[in-house]
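Asks: Before we start, here is the structure in question, set down as structure tokens.
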Amino acid sequence: MLENISDINLKDQFKNNPKLKRTTYIVGGLVVIVLGYFLYKQFVWKPANEKSKGAYYVGLNLADKDSTDAAINELTPVVKKFDGKIGGEVAQFVLARQYMAKGDFKKALDELEGVDVKDTYVAAMALGLQGDCQSELGKHDDAIELYVDAAKASDNELTSPMYLFKAGLCAEKLKDYEKATEFYTQIKETYGDFARQKTIEKYIARTSNNTKK
């Protein structure tokens, strides 16, 4: 009897209280969304993500053999099918490199801008390659910005000084010798091994002399 009364009271409150009704619908909707998300991740995304990891190997092997056109044909559908999955993002990175090899820097940029990876080293490389594309297209200001971002994205002894060096070269092309000197000096002070390999003092002397003119 008490249960029936409670049920009736609850139904009346729900019917006559728009705020309670709205809140109930919102909470119920959120539960459905969260549950749907976890079901999707578990039963759809995870299997597809695992499958994607081996999907780009054929294209990668073709790229290693300098079969550029064949690699592009192989990788393009992989990128579309596995967009957002690990294999799809790696395939897109490799695909961009193939367009660069063909000298199609605009297409390469489109692909590189779509690469989304958690690996900071690959993410830095993707930014650096965008800088290379912009440099090839004569957009040296944009290239410098991308090179600086790439150098910061993964601070290490290999890519960071390499991209700072490329930023310096682009600054020289723009005749911004002061900025170029800053990049070369940063390499000298922070990345000693790279600085010695490139004899960075030579570049600092050159840009410093041009700054004084």
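Asks: For the range 134-213, count all C-alpha to C-alpha pairs, find those more than 17 Å apart, and express that count as a whole percent of the total.
Replies: On the way: 1268 of 3160 pairs.
Tail fraction, whole percent: 40.
Asks: In whole Hz, with x marking every Gly and Pro, tabulate ³J(HN,Hα) for the range 54-63 from phi via Karplus 6.51 cos²θ - 1.76 cosθ + 1.60, θ = phi - 60°.
Replies: In residue order, the calculated couplings are x, 6, 9, 4, 4, x, 5, 5, 5, 5 Hz.
Asks: So for the range 134-213, averaging the separation of alpha carbon pairs under 8 Å that are six or more residues apart and normalising by length, what relative contact order in percent results?
Replies: Value for the range 134-213: 24 percent.
Asks: While we're here: Using a cut-off of 15 Å between beta-carbons, work out the net charge of the residues near residue 69 (Lys and Arg +1, Asp and Glu -1, residue 69 not included).
Replies: Around residue 69, the charge tally is 0.
Asks: Reachable aspartates and glutamates from residue 107, Cα under 15 Å, same-chain residues fewer than 8 places away excluded?
Replies: 69, 132, 136
Asks: Moving to a separate point now. Can you give the local net charge around residue 108? Use residues other than it whose beta-carbon is closer than 10 angstrom to its beta-carbon, Lys and Arg +1, Asp and Glu -1.
Replies: Details: positive: 97, 102, 106, 107; negative: 104, 110, 111, 113, 132, 136.
Once all neighbours under 10 Å are counted, the net charge is -2.
Asks: A follow-up question, please. Can you tell me the order of 136-143, 170-177, 124-131 when each peptide is scored by its average per-residue count of other Cβ atoms within 10 angstrom, highest first?
Replies: So the peptides 136-143, 170-177, 124-131, ranked by packing, come out 124-131, 170-177, 136-143.
Asks: If you don't mind, another one. May I ask you to order 112-120, 182-190, 154-162, 93-101 by the average number of other C-beta atoms within 10 Å around their residues, highest value first?
Replies: Listed from highest to lowest mean packing, they are 93-101, 182-190, 154-162, 112-120.
Asks: Taking 24 Å as the cut-off for C-alpha to C-alpha distance, list the pairs among 53/152; 102/166; 80/106; 152/198 that go past it.
Replies: Result: 53/152 exceed 24 Å.
Each reported figure results from applying straightforward, stated rules to the coordinates on display, with no laboratory input. None of these values were measured; they are calculated from a predicted model. Don't worry about glycine lacking a Cβ; one is built from the backbone with ideal geometry, like all the others, and counts go over all protein chains shown.
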